[in-house]
Structure formats: structure tokens, C-alpha cells
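A.B. asks: The structure is given below, and queries will be raised subsequently.
Read the figures in this text as sums done on the coordinates, not as results from a lab. Just so it is clear, the model here is predicted, and its values are computed rather than measured. Here the Cβ positions follow ideal geometry from the backbone for every residue, glycine too, while neighbour counts run over all protein chains shown.
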Amino acid sequence: MNEITVAAAPGQGHSDQFSLLKLSLGRGVLAVAWAAAFAGAHHTLDATAVTLLIVYPLIDAVSSFIDLRSVSGESGRRVIEFNAVVSVLAAIGVGLAGASGAEAVLHVFGVWAVVSGAAQAVVGLRRRGPGLGKQWPMLIAGGLSFLVGVFYNVQALGDAPELDALATYAAAGGGFFLVQAGLLARRARRIRAARAARSA
């Protein structure tokens, strides 16, 4: 759920909206694919499972770096850069934690989910507007990421922590990004139709 994207500033055009749509769509598809792969590989923390754990936050980091190309405001860039750095650190952290077991992985993943979820919710609020809509999928995803991250840290303190929930977490996050992409596509069609009506 964690990838952070920032709205195009007022005055930026259709190409920025289309770039954000593609980024949301791609991020959603990758998250769902990762969830499917991890669901079948997490039962033992072998090299495959640890590699997948490293890859997920790296997807987030790469998405943030891609999004930097379409953001002009300094404050918006700082949010994206912060998220990218946090995601890279999370990738390193879960890679190291994989050698210590599920408890350590849940702690690292949980901290990342809390920080990134809070940032995503803040960014969702900033992105609300006539150009890109109310951003409710991203607001919900950010809030849930925060809460789930807290839950993971609590779960890690239990007697038998499990990693099953990480696949569900990624699948749900991917679903929210796909919904966001669909809303952006619908808004873009409405804008095109309004423009065509005005020019007719």
C-alpha cells in the first residue's frame, strides 16, 4: 500500500494525469503479482522468500523515483524523496531481518508500513482537487497501512508470528492502486468529453 505519488500542480496538463494513471496501474499490477508469488513462497524464509521481501519495498522506491519526474513543487519532491529513502532502507532491513526469522521481518515491515502509510495519507489529502479527484482510495490505503503496520509489530511479539498477512497486505494495496487508476481514467474521459463539447 505504500507507494507515494503526488498530484500534478495546478496548470499541469493531461500528460501528467496520464503519467499518474500509468504509474498507479503499474504499481497495482506489480503489487498483486508480488502477493501471488509471496503467498506461495513464504512458508520458509529461504532465499526466494527473502528476495521477494527485498523486492517489494524496492518496487515502492523505484515508483517514487519515477514519480519525481512529474512533480515540480519542492515540498512535493521532498515527500517523494523521503518515501524513496524509507523504502530503500526497508528493503535493506527486511533483507537483514530475513536471517533472524519471521518476528524480525514483521517488525521491519511493520515500521515501514506505519511510516509510509502516514506519508501516503498526508499526500492523498494534498492531492485532492478538481484535477485528480478526492483520492479516497489512496487515503484509505494510507490509513490502513498505518494501522496494519501497528498490528504487525504487535503480532511479532506473539508466540508464533506468521508472514501470511504480508501477501494480503500487498494484494489489498495493489487493489487500491488499481481502483485509483480506474478513477483517474474515468476522470480523464470526462475531461476529454467536456473539452470536445466546448469545441463543438
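A.B. asks: How long is the gain from Ala193 to Leu147 if the chain were fully straight, where each residue apart is worth 0.36 nm and the alpha carbon distance is subtracted?
C.D. replies: Length gained between Ala193 and Leu147: 12.6 nm.
A.B. asks: Compute the FRET efficiency between Ala39 and Arg78 as 1/(1 + (r/R0)^6), taking r as their Cβ-Cβ distance and R0 = 35 Å, and round to the nearest 0.05.
C.D. replies: 0.50
A.B. asks: What distance in nm separates the two pseudo spin-label positions at Val122 and Val62, each 7 Å out from Cα along the beta-carbon direction?
C.D. replies: Output for this residue pair reads 2.7 nm.
A.B. asks: While we're here: For the range 14-199, taking Cα atoms only, what is the radius of gyration to one decimal and the Dmax to the nearest whole Å?
C.D. replies: Taking only Cα atoms of the range 14-199, I get Rg and Dmax of 17.4, 66 Å.
A.B. asks: Before anything else, pin down the relative contact order of the range 14-199: Cα pairs under 8 Å, at least 6 apart, normalised by residue count, whole percent.
C.D. replies: Relative contact order, the range 14-199: 31 percent.
A.B. asks: Mind ordering 98-108, 152-162 by average Cβ neighbours within 10 Å, highest first?
C.D. replies: Ranking, from highest mean packing down: 98-108, 152-162.
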